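The values are calculated or read from the model by the stated rules, or taken from the named source; none is laboratory data. On a predicted model such as this, the values are computed, not experimentally measured, just so you know. Here the Cβ is made from the backbone with ideal geometry for all residues, glycine too, and neighbour counts use every protein chain on show.
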Amino acid sequence: MVLTELSSIDMNNSNINKDIDNSKSENLDWNLVQVEMKNKLGLDIYESWLKKITFIEEFNSYILLSVPTRFIRDWITSRYLDQILQVIKNYRKEIIRIEFKIIEKRNDDKKNSSEPQENEKGENISFIKDSYLQYNRIDPNKRFDNFVTSSSNKLAYEASLKVSENISYYNPLYVYGGVGMGKTHLLNSIGLQLKKNNKVMFISAERFMYQFVKSIKSNDMVKFKEYFRNTDILLIDDIQFMNGKEAMQEEFFHTFNALLDKGSQIIVSADRAPNKLSRIQERIKSRFSGGLVVDIQKPDYELRKKIVANKTAELTNLYSGEIRIPNDLQELISLEIKTSVRELVGAVNRVVSFSRIYNKIPSLSETKIVLKDLLNLTENKVTIDLIQTTVCKFFKISKNEMLSSRRSRYLVRPRQTAIYLTKILTSKSLPEIGREFSNRDHTTIIHSVKTIEKLKEINPEMVDNINKLKDQILYNNKVNEI
Ligand code: ADP
Ligand code: MG
């Protein structure tokens, strides 16, 4: 299918660009980007939308991707574009923009081309009905008994346990916290517990919206309503993704009320508190706040340590005692990886994979390499100050000179270079960068970035300098961190 898709692109055009662009070392590994998007936005969003993105080509400052329909493009651009760009920037700092090309499958009739999901799965209209079930999957491995607790998540855990023992005790229950903190795990545990005696529906808000739109398109609203209003327990994951779309919120609100009226239990998760949800109707937020609202905080050291120990024990068991992660490595992971439980578990998995591949336990420094990106993520210490200092040293000018308004050539280039590096190495906005460079206007910042981009194309020395500076900034950064 990919081949058919690509064949419809204007290849001549792309080739010309490729020639100009062949200074680029290697192609962006789209598979890596996809894996990261999956981690960042969750399996559900990935499967529904992001998986359908095909990489076409990258250019100096933007990247060309394709999707099969306009609908998918609009959906993706209105919801996930920033996050996708962020992921791509991890691999290509220079990319500042994403362009989508719509490449429909050829020889499709109209109906098919507007419903690509079904084609890919070889399913037909009855997919809509099946799909509620299809996405109502409860993972048998995410249970209460393997949910580790500490003060950072105890409240959420206890409330969830209570609800699964005593329906409608807290109704609705609203659990919130950052990415990878265990919200889905908790909702799943509740579902697992309650499905023994109840009709349980576990769905992400993303899926809910998707089904909603699809059932409107196929005139299947009645079934949609019936289905959702018939459940005893409705678990909706990541409610923050339910935004906009008035008609759908309307439907959700009615479903929500109908369920509460008949005594069904509703459990919702989100990445933020109810009052912080954007583009969700006030009355829905207020119903969320009317139940019990509990948050999961970042894992504290106690929790991190327990989780690393548990996971290590589990893996040691799995590999019949062949692999043991020594205490100092467990300590490094528990101390350094503070962002989320998901990353913590990921770190343990990586160290174990290393051991299996190389048939030895990694040393402390090898572990740091294996976990480099996770350790970097914990604290991104690339500051504007670090960039300015490094660039000044490199060009042998003083910081006062760099920040002054003098326009001598020997000052202008370093200044522009520092501005360019700030743009690509930090997530600061143009006005923020302007402020840090003696209150320069954001148009000056854009001009500097563009100038350096152009110079990089024609001047190998510039490329070399930028690479050296990047190394120094990132290297210093790493040294500070370890
Ligand atoms: P969220 O939904 O908040 O983004 P998840 O529930 O998907 O996070 O958790 C990410 C991973 O971390 C999952 O593999 C989950 O099983 C695990 N996890 C999270 N919190 C805990 C915990 N307290 N104990 C054990 N595993 C956890
Ligand atoms: Mg989740």
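Observations on the structure shown:
- Just one of (1) modelled with pLDDT under 90; (2) surrounded by fewer than 20 Cβ atoms within 10 Å (Cβ to Cβ) fails for F55. It is (1).
- Where helices (runs of 4 or more DSSP H) fall entirely within the stretch 330-446, those with at least 1 residues that are modelled with pLDDT of 85 or more and within 16 Å of ligand 1 (Cβ to nearest atom) are at 341-358.
- Test: S160 is modelled with pLDDT under 95 and not charged (D, E, K, R): no
- Every listed requirement among (1) of a type outside the set (G, A, S); (2) more than 16 Å from ligand 2 (Cβ to nearest atom); (3) closer than 28 Å to K276 by Cβ is met by Y174 save one, (2).
- Meets criteria (of a type in the set (A, V, I, L, M, F, W, C), under 28 Å from the mean Cα position of the chain (by Cα) and more than 14 Å from ligand 1 (Cβ to nearest atom)) for I307: no
- Flag: N349 matches the condition of being surrounded by fewer than 16 Cβ atoms within 10 Å (Cβ to Cβ) and within 23 Å of G42 (Cβ to Cβ).
- Selection count where residues are more than 16 Å from ligand 1 (Cβ to nearest atom) and in contact (Cβ under 8 Å) with a residue 60 or more places away in the chain, scope the stretch 199-216: 6
- Restricting the stretch 134-170 to residues that are of a type in the set (S, T, Y) and assigned to a helix (DSSP H, G or I), the residue that is nearest to ligand 1 (Cβ to nearest atom) is Y157.
- Checked against (1) away from ligand 1 (no atom under 16 Å from the Cβ); (2) crowded, with 16+ Cβ neighbours inside 10 Å; (3) modelled with pLDDT under 90, N219 passes all but a single condition, namely (2).
- Subset tally (residues that are crowded, with 20+ Cβ neighbours inside 10 Å and either small (G, A, S) or within 16 Å of ligand 2 (Cβ to nearest atom) (or both)) for the stretch 295-306: 2
- Candidate set from the stretch 78-91 (those that are touching a strand residue (DSSP E or B) at 6+ places or on another chain (Cβ under 7 Å) and surrounded by fewer than 18 Cβ atoms within 10 Å (Cβ to Cβ)); member that is modelled with the highest pLDDT: L85
- Some residue of the stretch 392-399 being under 27 Å from Y62 (Cβ atoms) and touching a residue at least 60 places away in the same chain (Cβ under 8 Å): no
- Among residues of the stretch 172-189 that are farther than 26 Å from G263 by Cα, those with a beta-carbon under 9 Å from a residue that is near ligand 2 (Cβ under 9 Å from one of its atoms) and part of a strand (DSSP E or B) at least six positions away or on a different chain give the pairs G177/S269.
- Identity of the residue in the stretch 41-52, among the charged types (D, E, K, R) and surrounded by fewer than 18 Cβ atoms within 10 Å (Cβ to Cβ), that ends up modelled with the highest pLDDT: K51
- Enumeration of residues in the stretch 241-275 that are within 16 Å of ligand 1 (Cβ to nearest atom) and modelled with pLDDT of 90 or more: I267, V268, S269, A270, D271, R272, A273
- Of the numbered criteria (1) touching a Gly at 6+ places or on another chain (Cβ under 6 Å); (2) among the aliphatic types (A, V, I, L, M); (3) more than 16 Å from ligand 2 (Cβ to nearest atom), the one V341 fails is (3).
- Some residue of the stretch 145-153 being at pLDDT 75 or above, under 19 Å from I203 (Cα atoms) and within 16 Å of ligand 2 (Cβ to nearest atom): no
- Qualifying positions in the stretch 218-259 - under 18 Å from S78 (Cβ atoms) and either among the β-branched types (V, I, T) or touching a helix residue (DSSP H, G or I) at 6+ places or on another chain (Cβ under 9 Å) (or both): D238, I239, Q240, F241, M242, N243, G244, K245, A247, M248, Q249
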